[in-house]
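Here is the structure we will look at.
What follows is calculated from the coordinates using simple rules that are stated; it is not laboratory data. Because the structure is a prediction, the values reported are computed rather than measured. Virtual Cβ from ideal backbone geometry, glycine too; neighbours counted across all protein chains shown.
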Amino acid sequence: MITDSFGRVHDYLRISLTDNCNLRCFYCMPEEDYEFTASSKLMRVEEIEAIAKIFVQQGVNKIRLTGGEPLVRKDAGEIILRLSKLPVNLTLTTNATRLHQFVDVLERANVRSLNISLDTLQQEKFQIITRRDLFGRIVETINLLISRNFNVKVNMVVMKGLNDNEIIDFVEWTKETNVHVRFIEFMPFDANRWTSNKVFTLKEIIAVIENKYLIERLKDDLHDTAKKFKVTGHKGTFAIISTMSAPFCSGCNRMRLTADGKIKNCLFSKKETDLLTAFRKGEDILPLIYQNIQSKEKELGGQFTKDFEKIHAENIHNRSMISIGG
Ligand code: SAM
Ligand code: SF4
């Protein structure tokens, strides 16, 4: 078991397959001319499989593939199929622009639950946020997956003044559709135009929804980062990920592996440990994994507190979200 100095067992690994992406969400990828990591520096299929096995031998039972956009990698299908042989719950976070090409692979790999990002239900706003015109395809793919009985969670980053006026539209979507919307508080990363007054908090989200609907609190799973709810009578559910206003660090069981093979023990950690270089030299990476997790801070990477209004984004040392792997 990989345990940190606060006794938290780490059994969930998020692997970034690439920092490349075919969208340009401004809150995630700082600039249009962001330089993607060269493919020679990315973990290769066999390396991902071998490193994942080392984590699984230490008790990891859940793996999420993410990025960048994991499905822009040509060998994404092979990676999914190889990892599906491990005794883990395998899942994926994707922007769904290429997901329609992977439905059969996901079914073969027994991946039944997916997180799909969609921050707006308005085509024009989608273009403003992502700087690309792929809204229609994403919505079609979400509908396709729901019709094929996948458990679809839709991630919506709520940004005050940009899409907070769509919260009700997203909740309305859960009325007749078995979709699970997750409202995510806007988080600060390198150069992502974050300011505290753009955070739309858990309390604010609840207030908007309660103003219109009767809602029920649902039971959260162990280690859940999302607080789950449903509108009475609706088929789908909604949840809120309140990293900024009500963090959930005490139950954290997550480790992250960047696409260039560095382990990060927290989304906001300043430090990272290079596993890939050691692995390529034939060294034992287990001590590196344990040292990294032992050095995990109690909360929020030790960089700020839930008093998020005092945060100045320029004082936070981190990669951009796209190069961490969300
Ligand atoms: N490309 C995939 C996608 O968009 O789902 C996977 C990677 S993306 C970095 C993972 C998740 O992080 C997405 O749901 C995205 O909306 C979220 N994310 C990125 N930047 C964020 C930020 N600044 N605050 C909150 N969530 C963010
Ligand atoms: Fe790409 Fe996902 Fe980041 Fe948007 S949120 S730029 S889709 S990695």
Whole-Hz ³J(HN,Hα) from phi, Karplus 6.51 cos²θ - 1.76 cosθ + 1.60, for segment 35-42, glycine and proline x: 8, 6, 5, 4, 5, 5, 8, 7
Pairwise centroid distance, computed over Cα atoms, of segment 135-187 with segment 33-83, Å: 26
Ordering 208-218, 8-18 by per-residue average of other C-beta atoms within 10 angstrom, highest first, gives 8-18, 208-218
What order do you get for 200, 238 when you list them from fewest to most C-beta neighbours inside 10 Å? 200, 238
Rounded to whole Hz, the Karplus (6.51, -1.76, 1.60) HN-Hα couplings of segment 275-288, x for glycine and proline: 8, 5, 4, 5, 4, 5, 7, x, 7, 6, 8, 4, x, 5
Which lysines, on any chain, are close to residue 271 with Cα under 20 Å apart, when same-chain ones fewer than 8 places away are left out? 41, 262, 296, 298
Among 67, 302, 282, residue whose mean-square fluctuation peaks in a GNM of the chain (springs only between Cα atoms under 10 Å): 282
Taking the Cα centre of segment 12-324 as origin, sum charge times position over the Cβ atoms of Lys and Arg (+1) and Asp and Glu (-1), and report the length of that vector in debye to the nearest 20. 680
Hz values of 3J(HN,Hα) by residue in segment 263-270 - Karplus curve (6.51, -1.76, 1.60), Gly and Pro given as x: 8, 10, 8, 7, 4, 9, 5, 7
Among 74/175; 125/228; 125/175; 198/235; 227/270, which pairs are too far apart, with a Cα-Cα distance over 32 Å? 74/175
Would you grab the residues whose amide H sits under 5 Å from the one on residue 62? Only those 5+ places off in sequence or on another chain, please, with H modelled 1.01 Å from N. 13, 89
Run lengths n ≥ 4 of DSSP H only: what is the helix-derived mean residue ellipticity at 222 nm for the chain, with -39500 (n - 2.57) per run over all residues, to the nearest 500? -7000 deg cm²/dmol
